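Below: one structure, written as structure tokens.
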Ligand SMILES: NC(=O)c1ccc[n+]([C@@H]2O[C@H](COP(=O)([O-])OP(=O)(O)OC[C@H]3O[C@@H](n4cnc5c(N)ncnc54)[C@H](OP(=O)(O)O)[C@@H]3O)[C@@H](O)[C@H]2O)c1
Ligand SMILES: *[C@@H]1O[C@H](CO)[C@@H](O)[C@H](O)[C@H]1NC(C)=O
Ligand SMILES: *[C@@H]1O[C@H](CO)[C@@H](O)[C@H](O)[C@H]1NC(C)=O
């Protein structure tokens, strides 16, 4: 059991709190959600009756003094607005903020979690990097990260790549999904059917990779009947350089993430 404070309880902060409450193996003994506005605090108090929500500086200070875990979940540019006095804090600071490095975080025990919006639906991915965190606090942090879906530990130097693949990845998948949908509609499928089919095809394909643990290329080859429809479509994608374009999109997003930290 640990006391938890969430500094900046917006989209990501509340997604992680919901995930902890639903799926973490260890639950917090207390939760304090800190927002900027009174209106957000009032809304969160209704949404999370087991937590305390506040925008008051005094209450924030008191909560941090007794907390064991502080999750920083505001927008990266808001970090400096917080007037973060964590000098007396001797727990773990966990940052969800893109582009904020471990060395830029206050305190001595620190972790960075990169996750994504599917976390809101229990299907998130999380990558975690640590600095100065004890074995038991690492396990607790991995439990928190894993509650959004799946979590892996990576070295901090790989965080920009993870930001690109994990954080931006859903948008890249949505573009592909939109294209599948458009293709279906082009060939006469009703909109509802095309939307459902495009989403289900991506979900199902992801499930095949997760369950078989095969390389995607192996599964792809199994779908191709010689002389059939699938290999024909795949060659069109290769002609257009889709594979390279998607891989380079991850590279570009990682480059941009790296430029934010400077
Ligand atoms: N959204 C995503 O898809 C996504 C994906 C991966 C990572 N992230 C990371 O997650 C972090 C949070 O993003 P988000 O989309 O969840 O942001 P958000 O919804 O805008 O939430 C920001 C929260 O911080 C609070 N806040 C801002 N300034 C404050 C201050 N000075 N004092 C106290 N509270 C303050 C806001 O309170 P009010 O409600 O009162 O304004 C709000 O609760 C970002 O750093 C981002 O890099 C986001
Ligand atoms: C908890 O995990 C289940 C199963 O993985 C998932 O369906 C559910 O959405 C998760 N709940 C939250 C709030 O993340
Ligand atoms: C990313 O940055 C590297 C190093 O600066 C550069 O060589 C590469 O071309 C960049 N990638 C993209 C997609 O712009």
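Seen through its C-alpha gyration tensor, with square-root eigenvalues sorted a ≥ b ≥ c, the chain comes out prolate because a/c lies at 1.5 or above while a/b is bigger than b/c.
Contact order, relative form, for the range 1-101: 32 percent (alpha carbon pairs under 8 Å, 6 or more residues apart, mean separation divided by residue count).
Computed per residue of the chain from DSSP H runs no shorter than four, each worth -39500 (n - 2.57), the mean residue ellipticity at 222 nm is -15500 deg cm²/dmol. Of 126, 249, 162, the residue with the greatest mean-square motion in the GNM of the chain, using alpha carbon springs below 10 Å, is 249.
For the pair the range 143-163 / the range 214-252, the C-alpha centres are spaced 27 Å from each other. Taking only the Cα atoms of the range 213-262, the ratio Rg/Rh comes out at 1.20, with Rh defined as the Kirkwood radius.
Here the residues 62, 46, ranked from fewest to most Cβ neighbours within 10 Å of their Cβ, fall in the order 46, 62. If you find the alpha carbon centre of the range 37-60 and of the range 170-207, how far apart are they in angstrom? That distance is 39 Å.
Axis angle, to the nearest 10 degrees, between helix 169-186 and the longest C-alpha principal axis of the chain: 30 degrees. The ellipsoid that matches the Cα gyration tensor of the range 82-148 has semi-axes, each √(5λ) in whole angstrom, of 21, 14, 10, with the longest given first. Largest mean-square fluctuation among 210, 175, 86, in a Gaussian network model of the chain whose springs join Cα atoms under 10 Å apart, belongs to 210. Relative to the longest principal axis of the Cα atoms of the chain, helix 242-260 runs at roughly 20 degrees.
The order of the peptides 63-70, 193-200, 91-98 by mean Cβ neighbours within 10 Å, most packed first, is 91-98, 63-70, 193-200. Of the residues 243, 138, 61, the one that moves most in a GNM of the chain with alpha-carbon contacts below 10 Å is 243. By DSSP, the beta bridges lying fully in the chain are antiparallel in about 15 percent of cases.
Coordinate-derived values only; no laboratory data. Quantities reported herein were computed from a predicted structural model and do not represent experimental measurements. Counting neighbours? That spans all protein chains shown, and the Cβs are built from the backbone with ideal geometry, glycine included.
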